[in-house]
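Take a look at the structure below.
Coordinate-derived values only; no laboratory data. The model shown is predicted, which means the values in this text are computed figures rather than measured ones. Note: ideal-geometry Cβ built from the backbone for every residue, glycine included; neighbour counts use all protein chains shown.
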């Protein structure tokens with residue numbers, strides 16, 4: 001589960017972000033403030049001016065890092081993918097890899113959507129066509145590489161790309177059903193459903 005309390009007090013965001021900025025990392029402070037707003041259900045106030053107020057600087061000070069709001073939203077989405085990839089990697093390792101690890105990454109995917117719905121939605125609605133250089137992997141790449149590795153454990157005779165898409169569609173569809181309240185959140189149910197594709201039900 002994400003090491004994050006979603007019951008964030010937004011009034012604390014400027015102070016925490018401001019401390020990060022005073023240590024010299026304005027970009028990280030702004031992203032932290034944006035994540036606080038997302039977690040607190042304040043996604044409508046993710047403009048540069050609002051976040052500049054949160055970190056205690058002028059909006060013009062942010063332009064060096066974020067030329068416009070779209071760049072800011074892309075950065076927040078990128079952080080969401082990084083967090084998702086990290087959580088799935090932790091789940092894979094904790095389960096010991098293999099089929100059990102693959103199943104654990106699927107459960108972690110749906111859990112992340114449930115725990116951080118606004119960040120999850122943002123991360124998968126941004127296009128972000130221009131990625132970092134090949135040597136700078138992002139969270140989406142980590143998650144997809146785990147997916148491809150797990151597919152080889154469960155579907156050795158299948159096309160890796162087709163099987164990976166099949167597995168991704170399963171967990172993403174289940175995550176969206178939970179977010180849209182078409183099904184109730186129940187981690188035991190999630191584990192059973194994911195297990196049908198991600199390694200079999202124990």
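Here the Debye sum runs over all C-alpha atoms of the stretch 77-197 as equal scatterers in vacuum, and log10 of I(q)/I(0) at q = 0.12, 0.13 Å⁻¹ comes out as -0.41, -0.48.
Rounded to the nearest 0.05, the FRET efficiency derived from the C-beta distance between residue 90 and residue 177 at R0 = 30 Å is 0.80. Put simply, when 179-189, 144-154 are sorted by average Cβ atoms within 10 angstrom per residue, most first, you get 144-154, 179-189. Residues 83, 192, ranked from the fewest to the most other C-beta atoms within 10 Å, line up as 192, 83. Over the stretch 29-71, all Cα pairs binned in 5 Å intervals from 0 give whole-percent P(r) values of 5, 26, 37, 23, 8, 1, listed from short to long.
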